[in-house]
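Values quoted throughout were computed directly from the atomic coordinates according to the rules given, and no laboratory measurement underlies them. Keep in mind that this is a model prediction, so the values were computed, not measured. Here the Cβ positions follow ideal geometry from the backbone for every residue, glycine too, while neighbour counts run over all protein chains shown.
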Amino acid sequence: MEIEISKCPQDLQHNFEVIFNRGSLVFLKELENEFRDKINKLYKDRLNRNSYYQSNNTLPNFKNNPLKTPWKISNIPQRLQNRKIDLGDVSPSNSTQFFTSLTQNVQGIQVDFDDGHCPNWRNQILGHYNIYSVIHSNNLAHYPVMMLRPRAWNILEHNVKINQKKIPGALIDFALLMYHNAKILLETNSGPYFYLSKLESASEARLWNEIFVWTQRKLNLPQGSIKCCVLIENILASFEMEEILFELKEHCVGLNCGMWDYIASIIAKFGNRKEFVLADRQKLSMKNEFLKTYMDLLVEVCHKRGALATGGMIAKILSYDLNSLESIKEMKQFEISSGIDGFLVYDLDLLPHINKLWEDNKNLLHPKKIINKDSNTAKSLLTLPEGKITWDSFWHNIQVSVLFIYNWLDGNGHFVLNGFVEDSATAEISRSQIWQWIKHKVEIDETVISQQLLKEKLTEYKRKNSNLDQKNLKIALKVAMELFISPIYPDFITTYLNNHPKLQMEYKPITTKL
């Protein structure tokens, strides 16, 4: 069997040799060989599921065979029992951000290869090496817990092939993180712990569980050593929360609910229908009925089964608007009062304020809620709020979409705009809304959102941003336009960018026989 792996940038040769040594490549090859057919089935099932909902006038519902037998998840490790604050969008390839995060007063760090990370070859090598260097530094007991988030299944790694076939980024990230670091993490009561992104179904959770079991056996780790938190950021997954938790009950500590990837998935699955047109997203919060139902359901499922329910990231940069602190605290107080056990924070300046908020709520008792998994709950999950679309929202979505692609070209997976952190999740909802508005000929003040109008706005954007690198801006504008007017909705913006020929860097491959 042959494994083909690209050469690395010259200044990362040492990092490359440490991460992609012969042992890690053999482990990756064996892992890929073991699960190749099941991963291919996952992709096939996703295509079939998408096709079904696109071609049939049906909507998801809860399963008819609920899990009635009493069960709980396995014990949660001591270092994961307090999940009040994780730092979010911490790309390990951003060395300054990553190493600074280790010194903060938080419980965990979302070490992110997904939403807040651009997975170019340089970033992958540097990111894995930075994690390796920290875990092998003998200081883990003094750091917050690292919650390692591999790429989701939608990203293929173009720089690694086995028998001429590209390997899913999720599998490569997981293999490298486990092979190099798992034993040290276990010995120091620091892991291995993961975030799992963008699952669509319980069958996908079952696949991850099988990967965990096989890996623990292969690396001589006790079964149940690997622990994870599953992000419920797909509308279909919200109908299978309990089943997802059940499939991973030996390895899962909880579920996470966010906003933007989740809402974008509604457009991805049902955006062809006019009743799913979404108005200004700036007016949305977890208080909206469809999001409140989603959060309440997640909280109930988790607490019923002994798991932790965590919420999304505070994306606000406090220094941009000091007056926003009270509104941030008010919204997070609402989530805490709803039963959320923790959430993510990006801006380090917010940490003392949010830590105090948790201290003020340390004795809060949550009344037990009963959310019936019935047709009314299903309808609530799938009923979007009505409202008008404004020029400000249209313009904001253009900016976020274009700037995400522009930053991706420069190797950055997130950026700050108008005092908010924007990453692939906010880019996802931004480009999805514009695609949806064009498709359904939505109006703003009696002006139809059309391709021609969009071209005019993109030209205006180019004129107003002469300070940006014009070569990369030209590419970003072109790719954004492709996404906005595509006749078939591209499922993930990161997949589209990762596979786009204009956005890939070529590295000469090295072929090794294993």
Mean separation of Cα pairs under 8 Å and 6+ residues apart, divided by the residue count of the chain: what relative contact order is that in percent? 18 percent
MRE, 222 nm, helices only [DSSP H, n ≥ 4, -39500 (n - 2.57), over the chain, to nearest 500]: -14500 deg cm²/dmol
Note the per residue figure in Å³ for the convex hull of the C-alpha positions in the range 373-441. 130 Å³
In range of the label at VAL416: residues from the range 343-362 whose backbone nitrogen is under 20 Å from the point 7 Å along Cα→Cβ: 344-355
Modelled FRET efficiency - R0 22 Å, TRP71 with VAL213, Cβ distances, 0.05 increments: 0.80
Between LYS471 and ILE370, what FRET efficiency follows from the Cβ-Cβ distance if R0 is 45 Å, with the result rounded to 0.05? 0.20
Report, in listed order, any pair from LYS41/LYS455; LYS356/LYS388; LYS198/LYS502; LYS332/LYS388; LYS38/LYS369 with a Cα-Cα distance greater than 28 Å. LYS41/LYS455; LYS356/LYS388; LYS38/LYS369
Euclidean distance between Cα centres, the range 160-213 to the range 383-452, Å: 32 Å
By DSSP, what percent of the beta bridges with both residues in the chain are antiparallel, rounded to the nearest 5? 40 percent
Using a simple spin-label model with points 7 Å from Cα along the Cα→Cβ vector, what separation in nm is obtained for THR188 and GLU460? 5.3 nm
Normalised contact order of the range 111-175, rounded percent, pairs of Cα under 8 Å and 6 or more residues apart: 32 percent
Can you give the extra length, in nm with one decimal, that the chain gains between GLN81 and ASP360 once fully stretched, where that is 0.36 nm per residue apart less the Cα-Cα distance? 98.6 nm
